[in-house]
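Please read the structure below before turning to the comments.
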Amino acid sequence: MSSTFPDPRTHDFPEWLLCGEYFYKADDIVSFGQPLTVGNVIEAYRKGIFPWYIEGVPLPWFCPERRAILEFSELHIPRSLAKELRKKQFNLSIDRDFPSVIDGCSKAKREGQRGGTWITKDFVQVYSELHRLGIVHSVEAWDAGGKLAGGLYGVNAGGVFCGESMFFRKPNASKLALLYLIDHLRSRGSTWLDAQVMTDHMQALGAREIDRQEFLDKLKETQSKNLRLFDEK
């Protein structure tokens, strides 16, 4: 079976990578310019690699030296969030409205982004197809009026959930959606999730960074358990 991406376990991660006629700075990057296709995304995530659009650069595929993960045994729910959790102000669901979740994530304003997002039309199209195939999943938080208040989506990388993006329209909606997801994953035998890049929110919940090799070992070990994180469509 042919492979698009090298195995990050043995890849030498050069400082520069050639793509076309140009060399590009390659910190944490396995490959530049490989097309965003359903097959490439599936292969990449199973190898611990993910795409991240950068304007003006052939699509980079990352496997960072430092990887953020959240071990469920280390989950810390801040007091203020625990209070919101007890209020039960949102109805929570899984895979009820993926199109609205990825649309909300693509339009969310984020620090450091200038009028754009890494969730381009190509990303929406490909990840929507992956959702139809049962590989990408969404979690939704609905307010009392039945409107989408926030949510998140991510990829099932062979029994490991890899978080992609979150958004909220009402305070704490995406945070409570994440806690709902963690409860669901725990019920399926999962003990951790891949947060990819550390954020203040994930750190507050107890996420930590591990090095690339430890992450890849952990990924492979968990994949060998053949966990069924979600019901098949």
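Quick rundown of the values:
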| read-out | value |
| --- | --- |
| Residue satisfying all of: in region 118-133; within 15 Å of the chain's Cα centre (by Cα) and either open to solvent by less than 40 Å² (accessible area, probe 1.4 Å) or of a type in the set (D, E, K, R) (or both); modelled with the lowest pLDDT among these | 118 |
| Residue in region 60-79 that is under 26 Å from residue 208 (Cβ atoms) and without any contact (Cβ under 8 Å) to a residue 12 or more places away in the chain present | yes |
| Subset of region 1-16 that is among the aromatic types (Phe, Trp, Tyr) and touching a Lys or Arg at 6+ places or on another chain (Cβ under 8 Å) - its residue that is most open to solvent (accessible area, probe 1.4 Å) | 16 |
| From the options 26, 68, residue that is modelled with pLDDT under 95 and open to solvent by less than 20 Å² (accessible area, probe 1.4 Å) | 26 |
| Condition broken by residue 53, with the remaining ones in (1) under 21 Å from the mean Cα position of the chain (by Cα); (2) open to solvent by less than 50 Å² (accessible area, probe 1.4 Å) satisfied | (2) |
| Conditions (1) farther than 19 Å from residue 227 by Cα; (2) open to solvent by 50 Å² or more (accessible area, probe 1.4 Å); (3) out of contact with any helix residue (DSSP H, G or I) (no Cβ under 7 Å at 6 or more places or on another chain): number failed by residue 183 | (1) |
| Residue ranges of strands (runs of 3 or more DSSP E) in region 7-115 with at least 1 members aromatic (Phe, Trp, Tyr) and touching a helix residue (DSSP H, G or I) at 6+ places or on another chain (Cβ under 9 Å) | 60-62 |
| Whichever residue in region 29-43 is touching a Ser or Thr at 6+ places or on another chain (Cβ under 8 Å) and open to solvent by less than 40 Å² (accessible area, probe 1.4 Å) and, among such residues, is farthest from residue 210 (Cα to Cα) | 40 |
| Set 173, 157, 144, 149: member being buried (at least 22 other Cβ atoms within 10 Å of the Cβ), out of contact with any helix residue (DSSP H, G or I) (no Cβ under 9 Å at 6 or more places or on another chain) and hydrophobic (A, V, I, L, M, F, W, C) | 173 |
| Index of the failed condition, residue 137 passing every other in (1) surrounded by 15 or more Cβ atoms within 10 Å (Cβ to Cβ); (2) modelled with pLDDT under 95 | (2) |
| Top-ranked residue in region 191-215 [being open to solvent by less than 10 Å² (accessible area, probe 1.4 Å) and more than 15 Å from the chain's Cα centre (by Cα); ranked as nearest to residue 7 (Cα to Cα)] | 210 |
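The values are calculated or read from the model by the stated rules, or taken from the named source; none is laboratory data. Here the structure is a predicted model, which means the values were calculated and not measured. Note that we place each Cβ from the backbone using ideal geometry, even for glycine, and neighbour counts take in every protein chain shown. Side chains included, ligands, DNA and RNA excluded: accessible areas come from the protein's heavy atoms. Shrake-Rupley method; radii C 1.70, N 1.55, O 1.52, S 1.80 Å.
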